[in-house]
1. Please list, ordered by first then second residue, the pairs with beta carbon atoms under 8 Å, 6 or more apart or interchain, first in the range 254-265 and without any contact (Cβ under 8 Å) to a residue 60 or more places away in the chain, second in a loop (DSSP other than H, G, I, E, B) and β-branched (Val, Ile, Thr).
2. With within 20 Å of ALA445 (Cβ to Cβ), in contact (Cβ under 8 Å) with a residue 40 or more places away in the chain and surrounded by fewer than 19 Cβ atoms within 10 Å (Cβ to Cβ) as the only criterion, which of VAL475, VAL499, VAL530 stands out?
3. Restricting attention to the range 245-304, report how many residues are out of contact with any Lys or Arg (no Cβ under 8 Å at 6 or more places or on another chain) and basic (Lys, Arg).
4. With respect to ALA417, determine if the residue is farther than 30 Å from ARG213 by Cα, surrounded by 16 or more Cβ atoms within 10 Å (Cβ to Cβ), under 23 Å from the mean Cα position of the chain (by Cα) and within 16 Å of ligand 2 (Cβ to nearest atom).
5. Could you tell me which numbered condition LEU361 fails, if it satisfies all but one of (1) under 17 Å from GLY311 (Cβ atoms); (2) touching a strand residue (DSSP E or B) at 6+ places or on another chain (Cβ under 8 Å); (3) within 16 Å of ligand 2 (Cβ to nearest atom); (4) hydrophobic (A, V, I, L, M, F, W, C)?
6. Could you figure out which of (1) more than 15 Å from ligand 1 (Cβ to nearest atom); (2) assigned to a loop (DSSP other than H, G, I, E, B); (3) farther than 23 Å from ARG427 by Cα; (4) touching a residue at least 40 places away in the same chain (Cβ under 8 Å) isn't true of GLY306?
7. Is it fair to say LEU404 is among the aliphatic types (A, V, I, L, M), over 22 Å from LEU281 (Cα atoms) and within 16 Å of ligand 2 (Cβ to nearest atom)?
8. Would you say ALA236 is assigned to a loop (DSSP other than H, G, I, E, B), modelled with pLDDT under 95 and surrounded by fewer than 17 Cβ atoms within 10 Å (Cβ to Cβ)?
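The values are calculated or read from the model by the stated rules, or taken from the named source; none is laboratory data. Just so it is clear, the model here is predicted, and its values are computed rather than measured. When we count neighbours, we look across all protein chains shown, and the Cβ atoms used for this are built from the backbone with ideal geometry, even at glycine.
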Amino acid sequence: MTRGQRRALAGVLAAFAALAVTEVVALLAATRPSPMLAVQNWFVTTFAGALKDLAVALFGTKHSTALTIGAIVVVALLGALAARWEVARRGAGAAVFVAFGLLGLAAEVRDPQGSVPVGIIAAVLGPLVGIVVLWLLLDRFSIRVAPGAHLVFADRRERPAPAADPADPAPAALESVVGSRRDVVLWGLGTGAAVVTTGLLAKGVGDAVRTSRSTIPAALPPASETVPVPPAPTFATSGVSSYITPNGRFYVIDTAIQAPFVVTDEWRMRITGMVDREIELTYADLQARDLVEEAVTLACVSNGVGGNLVGNAVWTGVPLRDLLAEAGVDPAATQLVGESVDGFTAGFPLAALDDPERPALVAIGMNGEPLPRAHGFPARLVVSGLYGYVSATKWLKEIRLTTLEDEDGYWIHQGWAKEAPIKTQSRIDVPRSNDLLVEGTIAVAGVAWAPSRGIERVEVRVDEGEWQAAELGRVTGDDTWVQWFLPWEASPGDHTIEVRATDGDGETQSGEPVDVLPDGAEGWHRRSVVVAGR
Ligand SMILES: Nc1nc2c(c(=O)[nH]1)N[C@H]1C(S)=C(S)[C@@H](COP(=O)(O)O)O[C@H]1N2
Ligand SMILES: [Mo]
């Protein structure tokens, strides 16, 4: 190993040692973000919006893995850099560690779920351990700091002068390289193993504490009004999306790198702002209330034509109107803002609630189970017909009555529309473009949705021919998607299939493509397929 590589290794190991220590300190408040996570949260809040495209900007499961790997790489690079600076000038590398400690503290302070005590302790212990490990390893790796400077650990035993370069033919230098190679291996592996073990242990203990404190009940209390889910249509076996999307397959879109762990007993949901009296509810309060079920299709504004960011579920919860009536809404209020425990906000015009037929819930259940953490445990908002980014606040902690002028939700600052009714969309599920198709009757099927308006008609055309009406599955009402089906007599060759839907107001989807920004995609979903002859 060259001198530069040994120096870099010392820096990287020191940086990970510092990080592992902060993860251990973070166990003092295990359900809150660790300094590392708080810094990542800060990064997302600052830069996610700049990416503009919600699908890219919002961090789903895959993106959060990417972000975590990115953060680890950055930590490694900065560790290497700190070692380089420290060697050039005693204290310069240490300053990098101190700066990182302060960054972690600042992130804990600004994070809505942050823990200031954790931030402070980690800001002291993290850099301290990092610097000590850096000095120790530089010494063990025979790297002299700032020529002439004496290391704390330096004179514990005799050693030859460190080699400037392993290629250096000077015998003394060669000897020292051989000696230091063993040191590099032993100390490198030892430190690495200690750091990894500490990190994994902190993660394991943390996860155990988090899940034991954020207890999701095994079952939901029964609802007074239930939704009879219609039987699957006869064509449902052909590959069309199921009418109800199972929780495990429901799309997840949010800005959270890790879904917040809410401590069930400590959680409170408040109704505040332009109300006669503020209301505060516990999880037990919500469970004890009159619960209703509503089947509602949820869609993301960044769902492009033919996309998967849409799902249909039966939500169990307290009607929002009941809660608002109890709080007594000031007639001058024009906007309802939901805020989450992690500081996300989404607001929609109160006028959306004027239509008593439109389901609007503080939901605690999804498809008969308590809300999964990814979907907002302990409670979230669900309002039929509005895109998620203006209405569907997960991990809800506050419902604020305000005016449309007074506050903008999270995504409005990034150029997304303030008013965002879900546009009518239709999607071809089958056939898929790479399916092996043989001439004869082929099932063309999919889903179409216009929540709160409902779907009146779905039509399909092949190769720009006549529009043909598809058969529609049964629905619980206007708030869910509908499955559609059309048997197609296919001839051999290349074909293009297109679909369009007409909503309950009689409006047919326009074929003109419109981008998702600022208020949702438009256009017909189109599939090109190849049909073989017999
Ligand atoms: N707290 C919080 N709630 C949120 C979001 C978020 O980032 N944070 N994203 C919203 C968006 S953009 C959508 S589309 C829906 C998605 O809900 P789901 O993940 O349960 O499908 O949640 C909404 N609620
Ligand atoms: Mo969304």
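1. From residues that are without any contact (Cβ under 8 Å) to a residue 60 or more places away in the chain, the pairs are ASP265/THR282.
2. Unique residue meeting the criteria: VAL530.
3. Selection size over the range 245-304: 3.
4. Numbers: farther than 30 Å from ARG213 by Cα: yes; surrounded by 16 or more Cβ atoms within 10 Å (Cβ to Cβ): yes; under 23 Å from the mean Cα position of the chain (by Cα): yes; within 16 Å of ligand 2 (Cβ to nearest atom): yes.
Yes.
5. Result: LEU361 passes all but (3).
6. (3)
7. Values: among the aliphatic types (A, V, I, L, M): yes; over 22 Å from LEU281 (Cα atoms): yes; within 16 Å of ligand 2 (Cβ to nearest atom): no.
Judged against the criteria, LEU404 is not a match.
8. Values: assigned to a loop (DSSP other than H, G, I, E, B): no; modelled with pLDDT under 95: yes; surrounded by fewer than 17 Cβ atoms within 10 Å (Cβ to Cβ): yes.
In short, no.
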